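Here is the structure we will look at, set down as C-alpha cells.
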Amino acid sequence: MEKKPKILIVCNYYLPGYKSGGGMRTIVNMVDRFHDQYDFFVITRDHDGRNNPEPYDNVKINDWNEIRNARVYYLSKENMRISKLRTLVQEVKPDVYYTNSFFATPAIFLVKLRKLRLIPQKNIVIAPCGELSDASLRFRAKKKKVFLNLAKLSGLYKNIIWKASSQLESDEIAEIKGSGGKIFIAPDLPPISLCDQYAPEKKPVKKSGAAKMIYLSRVCDKKNLDWLIDELRSIKGALQLDIVGPIDTPEYWKICEAAIKKLPPNINVEYRGSVAYELVGDLLLGYHFFVLPTFSENFGHVFLEAMAAGCPLVISDRTPWLNLEKKGVGWDIPLEDPDKWKSVIQECVDMEQDQFSVLSKQAREFVVEWLADDSVEKDTKQVLDEALPVTSTTAA
C-alpha cells in the first residue's frame, strides 16, 4: 500500500475545543474530508481559546493523541517554545507544513524555523483566516505593523504558498506577501453536511410583531456587537436577541452591557454563554433570524450553519456572502447605512409566518446546494497537492 503524504498542521487551537472560531473548524473539516489521502499531524495549545487557560482534562498534554482522523500533540504553556516545535517537526518528518494563522505564535515559530533552515525545507501553506483584513489589522495595530515591517525586511515570508478563502483575501495577502510563492483561492471547507436534524416544523412559529434573533460568534470589537445593540433602540414590537459565543475581550463586553441597559423594554437582549459545536444545529433551529454586523469575515462558517438551520441572515456586506436578498436567503447591508439596518430588522419583526417560511426554506436549500458543489473540495486539494514534493503528489 502506497504511503500517504504527511501534512503537519501548526495552529493555536484544535479539538476538543470549540471557542476559537471558524479557523479551527476549517482545519477539522479539512482533516475529516482528506484523511484518506494524507496523514495529518496537528501541533496545538493545550486549552480552548485565549480566555480559557485551563488545560484540557480529556487529552494527554505534551504527548501525541489520536483525535478523530489526526494525531494531535497538545503543548503546555511551558512547552510552547520554538525549540520544542523544532523537535516535534523532526520527529514527524512531514512532507508539507500548514498553518491557519499569520500572527499566532506557533505559526510564527514554524516560519522562523524554516527561514533559519533549522527544519527541512518543505513548502509551508499559510491560510491567514482573515487576519490580514483592514478590520483585523486595526486591532492591536501598532504591534502588527511592526511585525509586518520586520517580516518584509527579513524576507520571512519568501516563497510561501498562501490559501485565501476569497478574492478579497487574496488581494489582502498580495499586499504583504514576500517574493516568490503563490496565492490560491480555496473557500474554507465546511462539514460534508450541516444540521441534518433540520425540519421546517422545528422552527419557531413566526408571528407578526415578534422575532427571535441570534448572534452566534465571538464577542469582540471586530464583530461590532455594540453598534448593533445601539441600532435596536428604535425597533417596534417584541424582539429577542440572544448572544451566544465566548467573550474574547471582557472590556468590550462591558461596552455591550452598557448599551443593553439603554434599550427599551420591548427589546430583550441576553447573553447565553458558549455552546459546543455539536449542539449548534439544535440551538439555531430555535431562532428565526441570524444577525452579525461584522467589520470583516474572510469566510464565515456560522453563516452556512445558520442557513442550514433555516435562519435567514442579517449581516454586513463585508463578507464573501453577498447579494443575499436577491437570492432570497437574507440581507447583506452596508454598515454605513444604519437606516437600512433598522428597516430590515423591523421587517423581520413584522414578518408573517408565510413569508418567513419561504425565506427559511430558501436559506436551507441554498446551503444544501452549496455543500453539494464538488469544487469546494477540489480547490483545497489543489493547494495541498501544490505544496507536496512532486514524488508525493496524491492521485486526483
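Quick one: is ASN123 closer than 28 Å to LYS3 by Cα and in contact (Cβ under 8 Å) with a residue 24 or more places away in the chain? So ASN123 passes the test. The residue list ASP134, ASP57 contains one member that is under 28 Å from ALA174 (Cβ atoms), surrounded by fewer than 15 Cβ atoms within 10 Å (Cβ to Cβ), of a type in the set (Asp, Glu) and not assigned by TED's automatic domain parsing to the domain that holds PHE295, which is ASP134. Only one of the listed residues (ASP63, ASP46, ASP95) is more than 25 Å from GLY178 (Cβ to Cβ) and either modelled with pLDDT under 95 or surrounded by 16 or more Cβ atoms within 10 Å (Cβ to Cβ) (or both). That residue is ASP46.
The numbered conditions (1) farther than 16 Å from ILE43 by Cα; (2) in contact with a Cys (Cβ under 6 Å, 6 or more places away or on another chain); (3) not small (Gly, Ala, Ser) are all true for ASN100 except (1). The test for being touching a residue at least 12 places away in the same chain (Cβ under 8 Å), crowded, with 18+ Cβ neighbours inside 10 Å, polar (S, T, N, Q) and more than 20 Å from GLU386 (Cα to Cα) does not hold for ASN29.
Can you spot a residue in the range 192-200 that is part of a strand (DSSP E or B), in contact with a helix residue (DSSP H, G or I) (Cβ under 8 Å, 6 or more places away or on another chain) and either touching a residue at least 40 places away in the same chain (Cβ under 8 Å) or surrounded by fewer than 20 Cβ atoms within 10 Å (Cβ to Cβ) (or both)?
The initial filter retains those residues of the range 192-200 that are part of a strand (DSSP E or B), namely none.
For the range 192-200, residues part of a strand (DSSP E or B), in contact with a helix residue (DSSP H, G or I) (Cβ under 8 Å, 6 or more places away or on another chain) and either touching a residue at least 40 places away in the same chain (Cβ under 8 Å) or surrounded by fewer than 20 Cβ atoms within 10 Å (Cβ to Cβ) (or both): absent.
Only helices (runs of 4 or more DSSP H) whose full extent lies in the range 312-376 are considered here, and the ones with at least 2 residues that are closer than 20 Å to SER234 by Cα and at pLDDT 95 or above are 338-350.
Here LEU228 meets each of (1) within 30 Å of ALA363 (Cβ to Cβ); (2) modelled with pLDDT of 95 or more; (3) not assigned by TED's automatic domain parsing to the domain that holds TRP321 with one exception, condition (3).
Of all residues in the range 156-181, those that are at pLDDT below 95 and of a type in the set (Lys, Arg) total 2. Screening the candidates PRO265, PRO204 for the property of being closer than 24 Å to PHE366 by Cα and in a loop (DSSP other than H, G, I, E, B) yields one hit, PRO204.
A Cβ distance below 8 Å, combined with a sequence gap of six or more or placement on separate chains, defines the contacts here; from the range 334-357, residues that are touching a residue at least 12 places away in the same chain (Cβ under 8 Å) reach residues that are among the hydroxyl-bearing types (Ser, Thr, Tyr) and assigned to a helix (DSSP H, G or I) in the pairs LYS342/SER234. Condition first: free of Cβ contacts under 8 Å to residues at least 12 places away in the same chain and under 26 Å from LYS381 (Cα atoms). Can you find one or more residues in the range 76-86 that meet it? No; the residues of the range 76-86 include none that is free of Cβ contacts under 8 Å to residues at least 12 places away in the same chain and under 26 Å from LYS381 (Cα atoms). Elements of the type strands (runs of 3 or more DSSP E) sitting completely within the range 29-82 and holding at least 3 residues that are within 20 Å of ALA104 (Cβ to Cβ): these cover 39-45, 70-75.
Number of residues in the range 145-170 that are closer than 19 Å to GLY23 by Cα and in a helix (DSSP H, G or I): the value is 4. Tallying residues that are out of contact with any Asp or Glu (no Cβ under 7 Å at 6 or more places or on another chain) and part of a loop (DSSP other than H, G, I, E, B) within the range 129-143 yields 4.
Checking the conditions here, which among LEU150, LEU110, LEU132 is farther than 22 Å from ALA186 by Cβ and of a type in the set (A, V, I, L, M)? If you could, list the steps in order and put the result at the bottom.
Values: LEU110 fails: farther than 22 Å from ALA186 by Cβ; LEU132 fails: farther than 22 Å from ALA186 by Cβ.
When all the criteria are applied, what remains is LEU150.
Residues that are in contact with a strand residue (DSSP E or B) (Cβ under 6 Å, 6 or more places away or on another chain), within 25 Å of LEU132 (Cβ to Cβ) and free of Cβ contacts under 8 Å to residues at least 60 places away in the same chain do occur in the range 214-228. Checked against (1) of a type outside the set (A, V, I, L, M, F, W, C); (2) surrounded by 16 or more Cβ atoms within 10 Å (Cβ to Cβ); (3) closer than 18 Å to PHE295 by Cβ, GLU175 passes all but condition (2).
The values are calculated or read from the model by the stated rules, or taken from the named source; none is laboratory data. Since the model is a prediction, treat every value here as computed from it, not as a measurement. Note that each Cβ is placed from the backbone with ideal geometry, even for glycine, and that neighbours are counted across all protein chains shown.
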